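Peer 1: Here it is: the structure, laid out below.
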């Protein structure tokens, strides 16, 4: 990955952290354009786009990156973020599938379980929600959790 892409990513992450979504989107799009397989930049870009209210575009950004992921961890981060974006957009069945894609990836168990719990709560499947919350708690207690960017 180029140092220029890294600088755009860092600028975009800072803008995202302070809530400047327009600057974040511009910088992160540049990072992804320069390095299409830069998973962290792609995830952050999708988050900025989703926070700006364009969930369909954020979904497309993530789906385009999954096939370009340089590692299983990078693909898992994109799937987990896709699940979050799909929940935001109201596609609970799509979100369920995205979270299921990462539930067996080491380090993503708690994130997948908590995402599935949110999906099941929205669908009124409360016993499934409770089971996923228990899984999330178990994996968080054992250090098997990851956080969103």
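Peer 1: If you check every pair at least six apart or on different chains, which have Cβ atoms under 6 Å apart with a residue in the stretch 45-64 that is without any contact (Cβ under 8 Å) to a residue 12 or more places away in the chain first and a residue that is assigned to a helix (DSSP H, G or I) second?
Peer 2: Pairs found: 57/49.
Here's the yes/no breakdown for (1) crowded, with 17+ Cβ neighbours inside 10 Å; (2) closer than 18 Å to residue 16 by Cβ; (3) at pLDDT 95 or above; (4) under 11 Å from the mean Cα position of the chain (by Cα):
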{"residue": "38", "(1), (2), (3), (4)": "yes, yes, yes, no"}
{"residue": "44", "(1), (2), (3), (4)": "yes, yes, yes, yes"}
{"residue": "54", "(1), (2), (3), (4)": "yes, yes, yes, no"}
{"residue": "57", "(1), (2), (3), (4)": "no, yes, yes, no"}
{"residue": "82", "(1), (2), (3), (4)": "yes, yes, yes, yes"}
{"residue": "86", "(1), (2), (3), (4)": "yes, no, yes, yes"}
{"residue": "143", "(1), (2), (3), (4)": "no, no, no, no"}
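Peer 1: Quick check on this structure: which one of 65, 53, 124 is outside any helix (DSSP H, G or I) and assigned by TED's automatic domain parsing to the domain that holds residue 17?
Peer 2: 53
Peer 1: Shifting gears a bit: Inside the stretch 95-129, can you point out the residues that are touching a helix residue (DSSP H, G or I) at 6+ places or on another chain (Cβ under 6 Å) and free of Cβ contacts under 8 Å to residues at least 12 places away in the same chain?
Peer 2: Scanning the stretch 95-129 gives a single hit, 121.
To keep it simple, each residue is scored yes or no on (1) within 15 Å of residue 85 (Cβ to Cβ); (2) surrounded by 24 or more Cβ atoms within 10 Å (Cβ to Cβ); (3) modelled with pLDDT under 95.
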{"site": "6", "(1), (2), (3)": "no, no, no"}
{"site": "23", "(1), (2), (3)": "no, no, no"}
{"site": "34", "(1), (2), (3)": "no, no, no"}
{"site": "48", "(1), (2), (3)": "yes, yes, no"}
{"site": "51", "(1), (2), (3)": "yes, no, no"}
{"site": "69", "(1), (2), (3)": "no, no, yes"}
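Peer 1: Moving on to the next point. Please tell me if residue 80 is touching a residue at least 60 places away in the same chain (Cβ under 8 Å), closer than 28 Å to residue 9 by Cα and not assigned by TED's automatic domain parsing to the domain that holds residue 28.
Peer 2: yes
The values are calculated or read from the model by the stated rules, or taken from the named source; none is laboratory data. Since we're looking at a predicted model, the values are computed, not measured. A quick note on method: Cβ atoms are made from the backbone with ideal geometry, for glycine too, and the neighbour counts reach across all protein chains shown.
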